[in-house]
C-alpha cells in the first residue's frame, strides 16, 4: 500500500508513532509530579537532614539546623530592638491611664494599714485617729503615690534594662530550641498551608506540561 508517493506505510511505521504519542500526552502529569516532588523536598530540606550528610560529593544540611545560630541572632535583634523594647515597657507602665488602674489597689492597702495594722503597731496613736483623719491621710498618701509611682517605675526600668539583656535571652532561647519541636509546631499550625503549596506546585506543573504539548502541536 502506497500513500502519495511517500513509500509503503507499514505496521512498523505506525506502532512507533502510536507509542510516542501515548507518552507525549503524559507530559502534563509527569510535569505535575516533578513540581510537586520539588516543593515537597524543598519543605523537607528546611529541617532535614538534622546533621550534615555528604551524598555524591555534595553536603546536605537542613536550612534551620544549619543556620539556627544566625536565625537566633537576627530574631533576638528584632525582638530586643524593635518588637519589645524597654522604652515601650516604660511608656506603658508610666502611662497615666495605667497608673490610675493601679491606684485603687494601693488605696485599698493604705486604708487597711491605717485602720488595722496601725492599731496593732501603734495602738496609742491609733486611738487618736478617727475616720475623718484616716480619710485625710489616705488622700495625702494617694496624691503622693500618684506623683511618685511613675518616677519609681522609670528608675526600676532603667535598672532592669541594665541587668536584663532581652536580645541575649532571645538568642540563647532560640539557639537552644529543639529542631524537632519547631518542626512539629510548624506542622501543627501550617499543615494546610504546606499542602496548599504542594497542590499549587502540582497544578502549575500540569499547566506547564499542557502548554508544552500545545506549543509542540502548533509548531508541527
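The values are calculated or read from the model by the stated rules, or taken from the named source; none is laboratory data. Nothing here was measured: the structure is a model prediction, and the numbers come from that model. Note: ideal-geometry Cβ built from the backbone for every residue, glycine included; neighbour counts use all protein chains shown.
In the range 21-38, the count of residues that are under 27 Å from residue 177 (Cβ atoms) and at pLDDT 80 or above is zero. Given the residues 144, 167, which is the only one that is part of a helix (DSSP H, G or I) and more than 22 Å from residue 78 (Cα to Cα)? Exactly one of 144, 167 is part of a helix (DSSP H, G or I) and more than 22 Å from residue 78 (Cα to Cα), namely 144.
Taking (1) assigned to a helix (DSSP H, G or I); (2) touching a residue at least 24 places away in the same chain (Cβ under 8 Å) in turn, residue 155 satisfies each apart from (2). Taken together, the residues in the range 201-220 that are loosely packed, with under 15 Cβ neighbours inside 10 Å and either closer than 19 Å to residue 63 by Cβ or without any contact (Cβ under 8 Å) to a residue 24 or more places away in the chain (or both) amount to 7. A Cβ distance below 8 Å, combined with a sequence gap of six or more or placement on separate chains, defines the contacts here; from the range 104-126, residues that are more than 16 Å from residue 146 (Cβ to Cβ) reach residues that are not in a helix (DSSP H, G or I) in the pairs 114/129; 118/129. Residue 107 - would you say it is within 42 Å of the chain's Cα centre (by Cα), surrounded by 13 or more Cβ atoms within 10 Å (Cβ to Cβ) and farther than 24 Å from residue 85 by Cα? So residue 107 fits the description; yes. Does residue 72 satisfy being surrounded by 11 or more Cβ atoms within 10 Å (Cβ to Cβ), modelled with pLDDT of 80 or more and within 30 Å of residue 45 (Cβ to Cβ)? Answer is yes for this residue.
Collect the residues in the range 116-134 that are part of a helix (DSSP H, G or I) and surrounded by 12 or more Cβ atoms within 10 Å (Cβ to Cβ), keeping them in residue-number order. Correct list: 117, 118, 119, 126, 134. Screening the range 49-115 for helices (runs of 4 or more DSSP H) wholly inside it with 3 or more residues that are within 24 Å of residue 175 (Cβ to Cβ) and out of contact with any strand residue (DSSP E or B) (no Cβ under 8 Å at 6 or more places or on another chain) returns the ranges 63-78. Of all the residues in the range 170-183, those that are surrounded by 12 or more Cβ atoms within 10 Å (Cβ to Cβ) and in a helix (DSSP H, G or I) number 9.
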